[in-house]
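What follows draws every value from the coordinates through simple rules; no lab data is involved. The structure displayed is predicted, hence computed values, not measured ones. Every residue, glycine among them, receives a Cβ derived from its backbone with ideal geometry; neighbour counts consider all protein chains shown.
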Amino acid sequence: MPSDLSPIDKAKFVAAKKATEYVKSGMKVGLGTGSTAAWLVQCLGELVRDEGLRIKGVPTSSRTAMLARDVGIDVISLDEAKWLDLTIDGTDEYDRNLNLIKGGGGAHLQEKIVATASDQMIVITDPTKKVETLGAFPLPLEVIPFGWQTTKMLVEETLIGMDVLGQTTSLRMNGDAPFVSDEGNHILDLHLNRIGNPRQLSLVLNQIPGVVENGLFIDICDIVIVGFGDGRVEVNNINKGEVEKSRFDFLDDGNLFSDDI
Ligand code: 5RP
């Protein structure tokens, strides 16, 4: 690990490092997408190379697939794996019930399919992603390109009847062109500010023709691991109803050792 990381990168790194403790040889592991998940993939790659960890990784995006192969993880498709022991991914927001908004990186469709096909989903994050109520982060909605403007209109009409504070939507861009997901779709970002009933909103949005999947992850995540810039880590387990605290210490050479607090 480079020793000159920013506090936020240190936070992401220690969360990722802690999550590797849940990965055992022989497991099929879903690999998330984004900057936090990229630390996880690097940490797993190190364990594969240096400590003989044997895993099959199912990536949730072409970006993650490339990184996983680069670091030496044996990559297979979800169709080959069929069911996974564990998925580890980042998030854009999480609340006290461990419900999430994901898709800031435009990969929430594959991420949701992979996480749902796993015995357990662990989210790794820094403390900035914790919210009282979901919705400050724009909710990503993957839509098919055919008729996307009509779909956008229907989504906006639907939002008028929902328990949300904002109702505007925008097409995600990549420079001058619409963003295109790994599945060849576009993303609408829904600026809702506050989502009063995430479960209901998720169900209603997915009923609109042209909508493929929204970025709300309801009752999918089991554990949130929060890393802090000073090396502290909190493991929040919704099933056990407990928070376990530990700490990694950064050494001068950039290496880590861990301690229980
Ligand atoms: C990608 C995602 C990411 O997990 C989410 O955007 C968080 O990314 P980062 O770890 O870079 O903050 O949902 O679709």
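Estimated from the Cβ-Cβ distance and a Förster radius of 35 angstrom, the FRET efficiency linking ARG194 and LEU171 is about 0.95.
Net charge of the neighbourhood of CYS221, taken over other residues with C-beta under 15 Å away and scored Lys/Arg +1, Asp/Glu -1, is -2. Placing +1 on the Cβ of every Lys and Arg and -1 on the Cβ of every Asp and Glu, with nothing else charged, gives the chain a dipole about its Cα centre of roughly 300 debye.
How do 129-136, 84-91 rank on mean C-beta neighbours within 10 Å, highest first?
84-91, 129-136
Mean sequence separation of contacting Cα pairs (under 8 Å, at least six apart), scaled by the length of the stretch 164-261, corresponds to a relative contact order of 15 percent. Taking 7 Å steps out from each Cα toward its Cβ at SER35 and ARG232 produces label points 2.2 nm apart. Within the stretch 188-227, name every residue whose backbone N is under 15 Å away from a label modeled 7 Å from Cα of LEU154 along the Cβ vector. Of the residues in the stretch 188-227, 188, 203-214 have backbone N under 15 Å from the label point off LEU154. Would you mind counting up the charge near VAL204? Only other residues with Cβ under 14 Å from its Cβ, with Lys and Arg at +1 and Asp and Glu at -1. For residues surrounding VAL204, the net value is -3. At full extension, ASN206 and ASP119 could sit 28.9 nm farther apart than now, given 0.36 nm per residue minus the alpha carbon distance. Other residues within the sphere of radius under 11 Å centred on the Cβ of GLN167, judged by their own Cβ, net out at -2 (K and R +1, D and E -1). Normalised by the number of residues in the stretch 139-214, the mean separation of alpha-carbon contacts (under 8 Å, six or more apart) gives a relative contact order of 46 percent. For the pair PHE146 and SER77, what calculated FRET efficiency results from E = 1/(1 + (r/R0)^6), where r is the Cβ-Cβ distance and R0 = 25 Å, to the nearest 0.05? Efficiency, from the Cβ-Cβ distance: 0.45. What the phi angles of the stretch 131-139 give under the Karplus curve with 6.51, -1.76 and 1.60, with θ = phi - 60°, is a coupling list of 9, 5, 10, 5, x, 5, 6, x, 7 Hz, glycine and proline written as x.
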